[in-house]
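First comes the structure, then the notes that go with it.
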Amino acid sequence: MSYEARIRTGVFLAGVFFALYLPWWVTPILILCVLLRFRAWEALVLALCVDLIYMPLSSHWPLFLIGTICVAWLLEPLRSAILP
C-alpha cells in the first residue's frame, strides 16, 4: 500500500470516529483538509455519515453532502494548479 493510500485510509477511519464520537464541527474540518490535498471520494462518504447521524437535528436536506460537493468543485482549480 502506498503512502498516499495509507494517509487516505487513516483520514477516513479518523473521520468516521470523529463523526461518531466528537462534535459535529470536527468532521467538516477534516473533510476540508482532505479536499485541499486529494480528490477524495472519502470526503463525500464522511459528509454522508455526518448527515445521517445529525439529520434529525437539522433540516431534511443533506447539507454536509451538498456543501462537500460544492467545496470539492470550488477547490479543484486550486488543487490542480498547486499540487502535481
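The values are calculated or read from the model by the stated rules, or taken from the named source; none is laboratory data. Please read all numbers here as calculations on a predicted model, not as lab measurements. Counting neighbours? That spans all protein chains shown, and the Cβs are built from the backbone with ideal geometry, glycine included.
Summary of computed values
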| quantity | calculated |
| --- | --- |
| Neighbours by Cβ (under 7 Å, 6+ apart or cross-chain): first from the stretch 4-24, closer than 14 Å to TRP41 by Cα and at pLDDT below 90; second surrounded by 13 or more Cβ atoms within 10 Å (Cβ to Cβ) and among the small types (Gly, Ala, Ser) | ARG8/ALA40 |
| Residue ID - surrounded by the fewest Cβ atoms within 10 Å (Cβ to Cβ), chosen from residues in the stretch 67-83 that are β-branched (Val, Ile, Thr) and under 22 Å from LEU22 (Cβ atoms) | VAL71 |
| Where a residue in the stretch 29-56 is touching a residue at least 24 places away in the same chain (Cβ under 8 Å) and closer than 24 Å to LEU78 by Cβ and its partner, wherever it lies, is assigned to a helix (DSSP H, G or I) and among the hydroxyl-bearing types (Ser, Thr, Tyr), with Cβ under 8 Å and at least six apart | ILE31/THR68; LEU35/THR68; ALA43/THR68; LEU44/THR68; LEU46/THR27; LEU46/THR68; VAL50/THR27 |
| Failed item in (1) part of a helix (DSSP H, G or I); (2) loosely packed, with under 15 Cβ neighbours inside 10 Å, with ARG8 passing the rest | (2) |
| Complete set of residues in the stretch 33-72 that are closer than 15 Å to GLY10 by Cα, of a type in the set (A, V, I, L, M, F, W, C) and not in a loop (DSSP other than H, G, I, E, B) | CYS33, VAL34, LEU35, TRP41, ALA43, VAL45, LEU46 |
